[in-house]
1. Take the Cα pairs of the stretch A:186-300, get the Kirkwood Rh, then feed it into Stokes-Einstein at 20 °C and 1.002 mPa s and tell me D in µm²/s.
2. Evaluate the relative contact order of the stretch A:228-346 (contact order divided by residue number), counting alpha-carbon pairs under 8 angstrom at least 6 apart; express in whole percent.
3. Report the FRET efficiency, 1/(1 + (r/R0)^6), for B:H224 and A:T166, where r is their Cβ-Cβ distance and R0 is 41 Å, rounded to 0.05.
4. In nm, to one decimal, how far is the modelled label at B:E287 from the one at A:V356, with both set 7 Å along Cα→Cβ?
5. Non-local amide H neighbours of B:R57 (under 5 Å, H modeled in plane, Pro and chain starts lacking H): which ones?
6. Please report the relative contact order for chain A, taking Cα pairs under 8 Å with a sequence separation of at least 6, and give it as a percent rounded to a whole number.
7. Most mobile of A:T201, A:T166, A:T325 per a Gaussian network model of chain A (Cα springs, under 10 Å)?
8. For the protein assembly as shown, build the charge dipole from Cβ charges (+1 Lys, Arg; -1 Asp, Glu) around the Cα centre, then report which of A:S61, A:I213, A:I262 sits farthest towards its positive end.
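Values quoted throughout were computed directly from the atomic coordinates according to the rules given, and no laboratory measurement underlies them. Everything quoted here is computed from the prediction, not taken from an experiment. Note: ideal-geometry Cβ built from the backbone for every residue, glycine included; neighbour counts use all protein chains shown.
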There are 2 protein chains.
Amino acid sequence: MWEVTEEDLEPIAIGAGILGTGGGGNPYLGFLRAREALRKVGRVVVIDPDEVFDDQRLIVSGGMGSPVVSYEKLPQGDEEANAVRAMEQHLGYRFDAIAPFEMGGGNSMAPLVVGAKLDIPVVDGDGMGRAFPELQMTTYLIYGGSAAPAALADERGNRVILSEVTDAKWLEKIARAVTIEMGGHAGLASSPMDGTHCRRTIIPNTLRLAYRIGVAVLDARRAHQDPGEAIISVTGGCRYLRGKVVDLERRTTRGFAKGHLILEGTGDDLERVIRIEFQNENLVILEDGEPRVVVPDLITLVSTDRGEPLTTEVVRYGFRADVLTIPCHELLKTPKALEVVGPRAFGYDLDFTPIV
Amino acid sequence: MWEVTEEDLEPIAIGAGILGTGGGGNPYLGFLRAREALRKVGRVVVIDPDEVFDDQRLIVSGGMGSPVVSYEKLPQGDEEANAVRAMEQHLGYRFDAIAPFEMGGGNSMAPLVVGAKLDIPVVDGDGMGRAFPELQMTTYLIYGGSAAPAALADERGNRVILSEVTDAKWLEKIARAVTIEMGGHAGLASSPMDGTHCRRTIIPNTLRLAYRIGVAVLDARRAHQDPGEAIISVTGGCRYLRGKVVDLERRTTRGFAKGHLILEGTGDDLERVIRIEFQNENLVILEDGEPRVVVPDLITLVSTDRGEPLTTEVVRYGFRADVLTIPCHELLKTPKALEVVGPRAFGYDLDFTPIV
């Protein structure tokens, strides 16, 4: 058990922003919301997946929407809790714990806000081990969870329950349309499950990992050391390139931020040019026209000087960045998972070749 | 009590198409669906609003979508029943009777299909006394009914419950987005209410009125008499113009069929030219640049020779038509109702001047 307090939030926000691979919502906004919620209740209890009992009832919590929109439309903090309440009302029982939807930026903080508001623990882990753009892309669903019921809520008081869906892709389609109508951001509660399913399918201890990454970055800053190296030492990743952003195309389509970045190498990487394509999250690194790192392995940008995560909506022309790659969790590398989160699921005619 | 059998469906379809004022879904498709449902169960029981008890539980049933889309995408007949079932599951009780959503084309038949499939009676009446394009435009809601919960279902098995909405306009906004995602047509179950509210707010006996209109048209056809005159004698309306369609613009925007018709008079009406503007339903007749008949009074087109209702998606260039106007029900003429269904609600800077 881990009692997360206000002081833990800054490192979690930094680490989750890095694991968010460009998406998952703005980490700083998520931090502000979580801090406000924790100031009211003092702390939120985070439990290890091993501490979840077989017959406990869990609900997956997170935010849905385009990172670009939620940057403009500040999430109010009640959407996710409202979605969980809507689900409780629909099912007629209370949940024992929250399972985070994804680890990334604001969305890693949202479950902490919900746990604090509803006074129930949050399980240390998530359904992606990173961020992904679509709802069907969680290990909870990939490994047999039910796509319905799911609930969406906004800050005005609107609550929508998808009580039955044909499959997880229909969950994504309908929930996306509702989210857009709600203004581009909605709280999501989905995949109600028992403790057995949670323990079997959750990517464990990613909240603790985010915290450790954040602490390493903050320590490196204080010691005037290289924050990129500090991230690598904690995650087992590597630095693919150090360079600067020389081109950026980003458009918001149907609630997604799609586009690409071009980076030119600097220092040891001089004369190298890479292209990163993203759909909310960074999906592929191309160099010399060849894919070099592909989803579901993590591709993440941090500022060279401070190790600040550069999410899709934050990154700008001229930014100096380290492009880091981090191996994804084994639960994302199975044939079953790659069908849903591998390069082909994003329209790339490529097999997944893991970096490790 | 009235046991509606297969033989009653043709006149109901004709009459409901006429009361649908251009919208409400294709009456012939609605007829086919209702006939199929009734062939399985023999009959559906229609009760008078006076026969509804105070504490009975009613649900409003109908189809949602653009008439143009549902013409192309044949409704399967299970959507509306699925929506009612979704609502029963959400609320945890069964409904005693169905209250029709609108009287118009296919949507007047949908409650009969639901009543037949679920084996519960249908109340003779509806929430519009005609058809309107948006969900908030029912007397059930105008006179105090709750906009939530409401349920939408498609033919694939997707079910969505709007468990709480800020107001009826948010019900319309979110339900419209879900309907578009479901392919442009969805079954709707909304405004669960008790018998007292139903009796107080329903526009009564419109199913019987549709039947009487249809019988009059069929009799006139058989007797080689003027079907337009027959409709007028039953409804208390009048013929505004006899002419032919010389111009037609229709576009589908966000699930609505919007546009206008131009008709040139023939016979006694030679040299007159009128313009009818519609949004799924006909909203206003303009002549010499002046509004002459406006919503919520009924503006309906029938073919001159056969009295066939010419809905928005059926009418074509060159059609010969009688433009009939029928006074709307008193429940639509109050200040409260005109806020929601009067000309200003459709963007016309006009006061409502009733034709009677």
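1. Diffusion coefficient, whole number: 126 µm²/s.
2. Numbers: 236 pairs, mean separation 31.1, N = 119.
Across the stretch A:228-346, relative contact order equals 26 percent.
3. Working: r = 52 Å, r/R0 = 1.26.
The computed FRET efficiency comes out at 0.20.
4. 8.1
5. B:D96, B:A97
6. Working: 920 pairs, mean separation 74.3, N = 356.
Here the relative contact order equals 21 percent.
7. A:T166
8. The residue sitting most towards the positive pole is A:I262.
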